[in-house]
Amino acid sequence: MTHGSARREDAVDEGLPGTRPLWRQRDFGIFWAAQTLSVLGDSFALIALPLLVLEVTGSVARMGLLTAVGGAASVVAAVFAGAVVDRVDRRRLLIACDLVRMGLYGVIPLVWLFGPQLWLLYVVLPLCEAVGMLFAVGYVTVVRGLVGTGQLTEANGRLNATAAAAGVLGPLCAGLVAAWSGPAAAVGVDAASFGVSATCLFFVRLRKRNPDEHTDRRTGLWRDLRTGVAFLHGHPVLRSLTALLFVFSFLTLGLNDLVIYHLKHDLGQDDGTVGTVMAVGALGTITGALLVARFRRRLGFGPTWTGSVAVCGLAFAGLGWARDVPVVAALSAAFLACVGMAGTCSMSLRQEVTPEHLLGRVTSAFWTLQYAAAPIGAAVLTWAAEEQGTTPVALAAGATCVLLAVTALFTPIRGSGRNLTR
């Protein structure tokens, strides 16, 4: 999901990207389908890996530790991901990342045939998360080249909406597969999805980057990271967003584990119910993704982002109190809808204001700073839930998220309107 002027060398005679409806743009359509299929399978792992840990250990703290280890690998990879993305062929990078993850996730169900090997999850997930970070940064830089700046928010919203639609079916099917064949089989579906995604990406044509968009000089990883950080610091809204999202990510990375533990441990539900609740939650992501462009056009960036974070906090606070499965599902949907809206807004903004040749490094720096403390937060959140229960932990984390939204009202985010590209 990115921005910038999106002239493509191979544009057809119907016009350049940005002048035609998205559904008539061939390469965006293939890319769109690839990511939808990938998310469909990846949502299996979202459910299956925590269930594998819970099945073997019965501990939410161990689930949180796995999440923390994976998150730490993402942060480390984010340090150099931008430099890599700005230097290499982005299409080939995306294909390679998909193939590597297909192989890594494919090992889990094979090994599990001979018995649970918990250590394997702590090896595979960090590697997949590191490769996934490379893919994510590349993904952000590619979309602007496919659709152009004027259609970025719409394109990001559609990508997120269909990904969320796949996320509805994915967790539901993952819960059923886990209930029938075990969580390891669900991870196998995830592995296959990456193979399909890589195949689709093979047929996507990206515009050739101009010579001045390449970064061939080997300036060093830390200097590349500092370049991205300097750009973030120089933009008032991005600077405030980075600081607030640092805290938000610390509080929320472990939410998925917390919801699964709450359903399984506190409410005594089975794997199928877990998948159903996650599927209902993904419906919220669809709603948020479909509405975000409209809200941003009418309200501007600041009110849309701030309001979304506030509702996230209220929904999070209520999750720990909920004792009925439908209420947990509804609150999860509200939380994910607003996370999607806030995330799409911040991503589109970065794509709009960042020069093409800096986009990978700025995205990398943003995610490095945003998620730097998130792995620690996931471990702390799940440990506290195991020691104190989910109710007080969810209430404290949710209240802090609301406080972040209030804090945003005293930053340049508040006054940011519809057009922030200058």
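The values are calculated or read from the model by the stated rules, or taken from the named source; none is laboratory data. Please read these numbers as outputs of a predicted model, since none were measured by experiment. FYI the Cβ positions are ideal-geometry reconstructions off the backbone, even for glycines, and counts take in every protein chain you see. With ligands, DNA and RNA removed, areas are computed over all heavy atoms of the protein, side chains included. Shrake-Rupley method; radii C 1.70, N 1.55, O 1.52, S 1.80 Å.
Just the accessible area per residue of the chain, please: how many Å² with a 1.4 Å probe? Write down the numbers at each step before the final one.
Numbers: 16800 Å² over 422 residues.
It amounts to 40 Å² per residue over the chain.
Using a Gaussian network model of the chain whose springs link C-alpha atoms within less than 10 Å, name the residue from Ala77, Ala322, Ala165 with the highest mean-square fluctuation.
Answer for the Gaussian network model of the chain: Ala322.
Å³ per residue of the Cα convex hull, for the range 338-422?
Hull volume normalised by residue count: 109 Å³.
Nearest 20 debye, what's the magnitude of the dipole of the chain about its Cα centre given +1 on Lys and Arg Cβ and -1 on Asp and Glu Cβ? Spell out each step's value before the answer.
Numbers: 33 positive and 26 negative charges, 323 e Å.
For this selection, approximately 1560 debye.
With an 8 Å cut-off on Cα pairs and a minimum separation of 6 or more residues, tell me the relative contact order of the range 26-169 in percent. Could you put the intermediate results ahead of the total?
On the way: 102 pairs, mean separation 58.1, N = 144.
Result for the range 26-169 is 40 percent.
What 222 nm value per residue comes from the helices of the chain, counting each DSSP H run with n ≥ 4 as -39,500 (n - 2.57) and dividing by all residues, nearest 500 deg cm²/dmol?
Values: 15 runs with 325 residues, N = 422.
Per the formula, -27000 deg cm²/dmol.
Mind running the shape call on the range 47-112? Use the C-alpha gyration tensor, a ≥ b ≥ c as the square roots of the eigenvalues: rounded below 1.5 for a/c, prolate if a/b tops b/c, oblate otherwise.
On the way: a/c = 4.48, a/b = 1.74, b/c = 2.57.
Oblate, since a/c reaches 1.5 and b/c is not below a/b.
For the range 263-311, what does the alpha-carbon gyration tensor say about shape, rounded, prolate or oblate, given a ≥ b ≥ c as the root eigenvalues, a/c under 1.5 as rounded, and a/b over b/c as prolate?
Details: a/c = 7.48, a/b = 2.59, b/c = 2.89.
Oblate is the answer for the range 263-311, as a/c is 1.5 or above yet b/c matches or exceeds a/b.
Asp266: accessible area at probe 1.4 Å, nearest 10 Å²?
Looks like 60 Å² after rounding.
If you count, for each residue, the other Cβ atoms within 10 Å and average over each peptide, how do 394-403, 78-87, 241-250, 43-52 line up from highest to lowest? Present the calculation step by step, with values, prior to reporting the outcome.
On the way: 394-403: 19.4, 78-87: 24.2, 241-250: 21.2, 43-52: 26.6.
Sorting 394-403, 78-87, 241-250, 43-52 by mean packing, highest first, produces 43-52, 78-87, 241-250, 394-403.
Mind listing the long-range amide H neighbours of Gln25? Cut-off is under 5 Å, sequence gap 5 or more, other chains count too, H placed in the peptide plane at 1.01 Å from N.
Counting only residues 5 or more places away or on other chains, the set is empty.
Which one of Val60, Val111, Phe31 is farthest out on the positive end of the charge dipole of the range 25-124, using unit charges on Cβ (Lys, Arg +1; Asp, Glu -1) and the Cα centre as origin?
My answer, from the dipole projection, is Phe31.
Decide, for the range 63-188, between rounded, prolate and oblate: order the square roots of the alpha carbon gyration tensor eigenvalues as a ≥ b ≥ c, take rounded if a/c falls under 1.5, and otherwise choose prolate if a/b is larger than b/c, else oblate. Let's see the in-between values first.
Numbers: a/c = 2.34, a/b = 1.47, b/c = 1.59.
Note, shape of the range 63-188 comes out oblate.
Calculate, axis by axis, the spread of Cα positions in the chain along the three principal axes, and write the results as whole Å, longest axis first.
57, 49, 41
Which whole-Hz couplings ³J(HN,Hα) result when phi for each residue of the range 386-391 is put into the Karplus expression 6.51 cos²θ - 1.76 cosθ + 1.60, θ = phi - 60°, listed in order with x for Gly and Pro?
Working through the residues one at a time gives 5, 7, 10, x, 6, 4 Hz.
Convert each backbone phi in the range 237-249 into a coupling constant with the Karplus relation 6.51 cos²θ - 1.76 cosθ + 1.60 (shift: θ = phi - 60°), then list the ³J(HN,Hα) values in order as whole Hz, x for Gly and Pro.
6, 5, 4, 5, 4, 4, 5, 5, 6, 4, 6, 4, 5
So which chymotrypsin sites (Phe, Trp or Tyr not before Pro) in the range 333-422 pass both tests, a DSSP loop state and at most 11 other Cβ atoms within 10 Å of the Cβ?
Taking the range 333-422 and a limit of 11 other Cβ atoms within 10 Å, the loop chymotrypsin sites (Phe, Trp or Tyr not before Pro) found are Phe410.
Given Cα pairs under 8 Å that are at least 6 residues apart, what percent is the relative contact order of the range 298-422? Kindly include the intermediate steps, with their values, before the conclusion.
Working: 122 pairs, mean separation 65.7, N = 125.
Taking the mean separation of contacting Cα pairs over the length of the range 298-422, I get 53 percent.
Would you pull out the residues with amide H under 5 Å of Gln269's amide H, same chain only if 5 or more places away, H placed 1.01 Å from N?
Lys264
Defining a contact as two alpha carbons under 8 Å apart and six or more residues distant in sequence, what relative contact order in percent does the chain show?
Working: 805 pairs, mean separation 123.7, N = 422.
Relative contact order of the chain: 29 percent.
For the range 279-365, what are Rg and Dmax over the alpha carbons, in angstrom?
My reading of the Cα-based Rg and Dmax gives 14.9, 50 Å.
Would you mind telling me the share, in percent, of accessible area of the chain contributed by carbon and sulfur at probe 1.4 angstrom? Before the final figure, lay out each step's value.
Values: 11140 of 16800 Å².
The value for the chain is 66 percent carbon and sulfur by accessible area.
Would you mind pulling out the separation of the Cα centroids of the range 360-385 and the range 118-139, in Å?
14
Highest first, please rank the peptides 277-286, 108-117 by the mean number of other Cβ atoms sitting within 10 Å of their residues. Don't jump to the answer; show the numbers that get you there.
Working: 277-286: 24.4, 108-117: 14.1.
Going by the mean number of other Cβ atoms within 10 Å, highest first, we get 277-286, 108-117.
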